[in-house]
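Reading through the structure tokens given below for one structure.
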Amino acid sequence: MATELFNNGTHLCLMFSDLVEENADAVQANQFLIIDHGHGALIDPGGNMTFNELTLTMRKYMAPQDLHYLLASHADPDIIASLDRWMTASKADLVISRLWARFAPHFCKLGKTDKRIIGVPDTGGTLRLGESDLVLLPAHFLHAEGNFQFYDPISKILFSGDLGVSLVSGEQARRPYTNLSDALPHMEAFHRRYMVSNKILRYWASMVRTLDIEMIVPQHGAPIRGKAAVAQFIDWAENLSCGIDLMTLSNYRVPDQPIPLAA
């Protein structure tokens, strides 16, 4: 089922949050479709677990073969493990950090990605979609080395990848947070482990405060909606100790315990 995040008649933003079965071993993941004047971009299309349902569900709005872009925030399996199937089902180009441009083809059969990867420089840039521009924002080390977020100036939505994640069910992901305190129990532990350092978060906060953001929508969990909640999240992230800030020598010891085997 698609959740409509924005629709002004010519510009549409959709979220698909419930395509991974609730009892599956895999983490819940969101996929996003932006359509402007008939031109479509699929953000973080996901792995093989979501491909069939996503292609069926999105047909109400756009046929997969009519997509122009597949936008990947980074190269994790839950982002683009289904790339081989998308390269067959559509004529879309993959837009991904230059750091991952030569790694992404490993998800595909030989030749599938030839002349179909747009490598984004570290500084980011704008990408024309229909009659609008998407802004590809540098978000390196949040959490991947080459990482981008996607800002849509029409809807004023920041598609934030793994920043802003809350670990909830697909059903809960459809209900936006309007106060950060409601999200933090599902958010804090993830960010402390997956974000690299407070230094990077401070740089990110300084950058995104220059944007007019109505909603932050992560790749896992629920959107953060409203300027007040967005500002709360930016302030929280800016002051968060995480990643290498929390590592000590005790995290780097030669282990002597056996790993439990799968049942």
Long-range neighbours under 8 Å by Cβ, at least six apart or interchain, first residue within 14 Å of D235 (Cα to Cα) and assigned to a helix (DSSP H, G or I) within region 187-202, second of a type in the set (G, A, S) and open to solvent by 30 Å² or more (accessible area, probe 1.4 Å): N198/S241
Test set (1) at pLDDT 95 or above; (2) open to solvent by less than 70 Å² (accessible area, probe 1.4 Å); (3) within 17 Å of the chain's Cα centre (by Cα) - A173 fails condition number: (1)
Which numbered condition L158 misses (of (1) of a type outside the set (D, E); (2) open to solvent by 10 Å² or more (accessible area, probe 1.4 Å); (3) under 20 Å from L127 (Cβ atoms)): (2)
Total residues in region 17-64, condition over 17 Å from G170 (Cα atoms), buried (at least 17 other Cβ atoms within 10 Å of the Cβ) and touching a Ser or Thr at 6+ places or on another chain (Cβ under 7 Å): 2
Filter pass, R225 being surrounded by 18 or more Cβ atoms within 10 Å (Cβ to Cβ), over 24 Å from G125 (Cα atoms) and either modelled with pLDDT of 95 or more or not aromatic (F, W, Y) (or both): yes
Inter-residue pairs, beta-carbon under 7 Å, first acidic (D, E) and in region 138-164, second open to solvent by less than 20 Å² (accessible area, probe 1.4 Å), 6+ apart: D152/C13; D152/I34; D152/L134; D162/L142; D162/P218; D162/Q219
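The values are calculated or read from the model by the stated rules, or taken from the named source; none is laboratory data. It should be emphasised that the depicted structure is a prediction, and the values quoted were computed from it without experimental measurement. In this analysis, Cβ positions are derived from the backbone assuming ideal geometry, glycine residues included, and neighbour counts consider all displayed protein chains. We work out accessible area using only protein heavy atoms, side chains counted, and drop any ligands, DNA or RNA first. Shrake-Rupley method; radii C 1.70, N 1.55, O 1.52, S 1.80 Å.
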